[in-house]
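Peer 1: Quick one: the structure is below, and I'll ask about it shortly.
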Amino acid sequence: MRRSTLAICALLTVATLGCDQVNAAKAKLKLAWDKVRGRPTTQAPPPPPVRPATDTAAARIAAQQPQAGARHPRAPAAPGGAGGAGGAGGGQPLTRDVPYHSEDTGTVNPGMSEREVYELWGAPAAVRRVGQYTYLFFQNGCEYTCGTMDVVTLKTGRVTDAIVRWDGHRYSGESSSPPGRVPVANPGGDTLHMPPPPTPPPAPASP
């Protein structure tokens, strides 16, 4: 009689309680059956609640560092050899020439825009901007022996000069360093003379 009463109570409890209390009802039913069968009713202590991690300044800084790196990606390094032995971006010096082949050829004219230069020669290997001047560096296959890449100089967005060494790169203006130019020796040394500094006026005599 006692068992049937307990079973009916359990069914009524499951039917009337919500889904969240089903587990509690099962636990009570198990305790009741254990008492009827004479089994010990001791239960294992519930696990301690999980405490949230302490919000410290170090934890916040560590969490913000990956986000800051994603918002501000590092700029790619410039290729070496664009500006001579040290490269345009301070890269490793070149030890030999690397053959260069490209279908982007043409003649750059004075007054062209930066976009027009790209349309002829493609994307440059490096770009440097200083004030109103822009320097475009292009591969030429003789970076080691020539000491420089092919360089196009723009002032206020327009081509004013170009130094070219690759056969596919041509410049119709007067280059500041044409391929056939040979350095001229100066046996007399430096002829620049600076005037002496002016003599300061004498201090007025004290009365």
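Read the figures in this text as sums done on the coordinates, not as results from a lab. Predicted model only: the values in this text are computed from it and were never measured. Here the Cβ is made from the backbone with ideal geometry for all residues, glycine too, and neighbour counts use every protein chain on show.
Peer 1: Extension gain residue 24-residue 145, at 0.36 nm per residue separation less the Cα-Cα distance, in nm?
Peer 2: 35.0 nm
Peer 1: Related question: What number comes out for the charge environment of residue 119, summing +1 per Lys or Arg and -1 per Asp or Glu over other residues with Cβ under 14 Å away?
Peer 2: Local net charge: -3.
Peer 1: If you don't mind, there's one more thing I want to ask. If you plug each phi of the stretch 144-155 into the Karplus form 6.51 cos²θ - 1.76 cosθ + 1.60 with θ = phi - 60°, what whole-Hz ³J(HN,Hα) values come out, in order, with x for Gly and Pro?
Peer 2: With coefficients 6.51, -1.76 and 1.60, one gets 7, 6, 7, x, 6, 7, 6, 10, 10, 9, 10, 10 Hz.
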